[in-house]
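Read through the structure below, which is laid out as structure tokens, and then see the notes.
The values are calculated or read from the model by the stated rules, or taken from the named source; none is laboratory data. On a predicted model such as this, the values are computed, not experimentally measured, just so you know. Cβ placement follows ideal geometry from the backbone for every residue including glycine, while neighbour counts extend to all protein chains displayed.
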């Protein structure tokens, strides 16, 4: 069984996730920790639960989701994974941070680059990588069939969809990603978005005003 711990970090109220199973291996998804206090929240949870971080995964590389990349990779000596189509955001991260009044240690480019859909493993667990562009060109979702959940970054929200007015965003591409990659999952799959509360595939199919009209 995969356990999911959610933290809400930084001024953008971004969701950072730790996924771990009975081996105590874990992966960190979207490290948004931006202050020493937030870094310690993440670190204390890992220490108290005797977890061993194996990988840092970016669902996408917008600034609010990568503020803690340098901390995590340096603290745990783990590799960082992101889709190739979002590398631009990391290359320009320091400049982008300044526009939001943020200070950022320039994050290094990912060690592992995704260029196609596939799977990744940690401990006894497997996550399927789905390419779901539209909010950003390199947005990915992470799906686990056994535990019936999908982590979707900023593609889909509880009652909303991701912005498409940022560089590389495309409304038509986003809608196609949601309909052809997420809404084909079972209705009872739990959706963990990059901001806000969890939802389900069924709820978004039937109640999301952007998708069921």
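Which of the residues that make up the stretch 122-141 are more than 16 Å from residue 179 (Cα to Cα), buried (at least 22 other Cβ atoms within 10 Å of the Cβ) and in contact with a strand residue (DSSP E or B) (Cβ under 6 Å, 6 or more places away or on another chain)?
Passing the criteria: 127, 138.
Take the stretch 101-110 and flag every residue that is under 25 Å from residue 141 (Cβ atoms) and modelled with pLDDT under 90. Show your work before the answer.
Of all residues in the stretch 101-110, those under 25 Å from residue 141 (Cβ atoms) come to 107-110.
Within the stretch 101-110, 107, 108, 109 meet the criteria.
Hey, can you tell me all the residues within the stretch 184-213 that are surrounded by fewer than 18 Cβ atoms within 10 Å (Cβ to Cβ) and not in a loop (DSSP other than H, G, I, E, B)?
190, 202, 203, 205, 206, 207
Within the stretch 72-90, can one find any residue that is under 22 Å from residue 10 (Cβ atoms), in contact with a helix residue (DSSP H, G or I) (Cβ under 7 Å, 6 or more places away or on another chain) and modelled with pLDDT under 90?
Looking through the stretch 72-90, none of the residues is under 22 Å from residue 10 (Cβ atoms), in contact with a helix residue (DSSP H, G or I) (Cβ under 7 Å, 6 or more places away or on another chain) and modelled with pLDDT under 90.
Mind checking whether some residue in the stretch 89-108 is without any contact (Cβ under 8 Å) to a residue 40 or more places away in the chain, assigned to a strand (DSSP E or B), over 15 Å from the mean Cα position of the chain (by Cα) and surrounded by fewer than 19 Cβ atoms within 10 Å (Cβ to Cβ)?
Within the stretch 89-108, none of the residues are without any contact (Cβ under 8 Å) to a residue 40 or more places away in the chain, assigned to a strand (DSSP E or B), over 15 Å from the mean Cα position of the chain (by Cα) and surrounded by fewer than 19 Cβ atoms within 10 Å (Cβ to Cβ).
Results for (1) in contact (Cβ under 8 Å) with a residue 24 or more places away in the chain; (2) surrounded by fewer than 21 Cβ atoms within 10 Å (Cβ to Cβ); (3) out of contact with any strand residue (DSSP E or B) (no Cβ under 6 Å at 6 or more places or on another chain); (4) under 20 Å from residue 60 (Cα atoms), shown as yes or no for each residue.
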{"site": "4", "(1), (2), (3), (4)": "yes, yes, no, yes"}
{"site": "7", "(1), (2), (3), (4)": "yes, yes, no, yes"}
{"site": "22", "(1), (2), (3), (4)": "yes, yes, yes, no"}
{"site": "26", "(1), (2), (3), (4)": "yes, no, no, yes"}
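State all residues of the stretch 160-184 that are touching a helix residue (DSSP H, G or I) at 6+ places or on another chain (Cβ under 7 Å) and either closer than 16 Å to residue 212 by Cβ or at pLDDT below 95 (or both); if no residue qualifies, say none. Break it down into steps so the answer makes sense when it comes.
Restricting attention to the stretch 160-184, the residues satisfying the condition of being touching a helix residue (DSSP H, G or I) at 6+ places or on another chain (Cβ under 7 Å) are 161-162, 164, 182-183.
Selection gives 161, 182, 183.
Go through (1) under 23 Å from residue 190 (Cβ atoms); (2) outside any loop (DSSP other than H, G, I, E, B) for residue 73 and report which single condition fails.
Of (1) under 23 Å from residue 190 (Cβ atoms); (2) outside any loop (DSSP other than H, G, I, E, B), only one is false for residue 73: (1).
Scan (1) within 23 Å of residue 87 (Cβ to Cβ); (2) surrounded by 15 or more Cβ atoms within 10 Å (Cβ to Cβ) for the single condition residue 160 breaks and write down its number.
With respect to (1) within 23 Å of residue 87 (Cβ to Cβ); (2) surrounded by 15 or more Cβ atoms within 10 Å (Cβ to Cβ), residue 160 is out only on (1).
Can you work out which of the residues in the stretch 35-69 that are part of a helix (DSSP H, G or I) and touching a helix residue (DSSP H, G or I) at 6+ places or on another chain (Cβ under 6 Å) is surrounded by the most Cβ atoms within 10 Å (Cβ to Cβ)?
Within the stretch 35-69, the subset part of a helix (DSSP H, G or I) is 36-48, 63-66, 69.
Narrowing further to those that are touching a helix residue (DSSP H, G or I) at 6+ places or on another chain (Cβ under 6 Å): 39, 63.
Numbers: 39: 17, 63: 24.
That would be 63.
Could you list, in sequence order, the residues of the stretch 78-88 that are in a strand (DSSP E or B) and farther than 14 Å from residue 130 by Cα? Walk me through it before giving the result.
Within the stretch 78-88, the subset in a strand (DSSP E or B) is 79-83.
Within the stretch 78-88, 79, 80 meet the criteria.
Every residue in the stretch 12-34 that is modelled with pLDDT of 95 or more and part of a loop (DSSP other than H, G, I, E, B), please. Step through it out loud before you land on a result.
Step one: of the stretch 12-34, the residues modelled with pLDDT of 95 or more are 12-33.
Across the stretch 12-34, the qualifying residues are 12, 13, 21, 22, 23, 24, 30, 31, 32, 33.
Residues that are without any contact (Cβ under 8 Å) to a residue 12 or more places away in the chain: which strands (runs of 3 or more DSSP E) entirely in the stretch 116-180 hold 3 or more of them?
118-122
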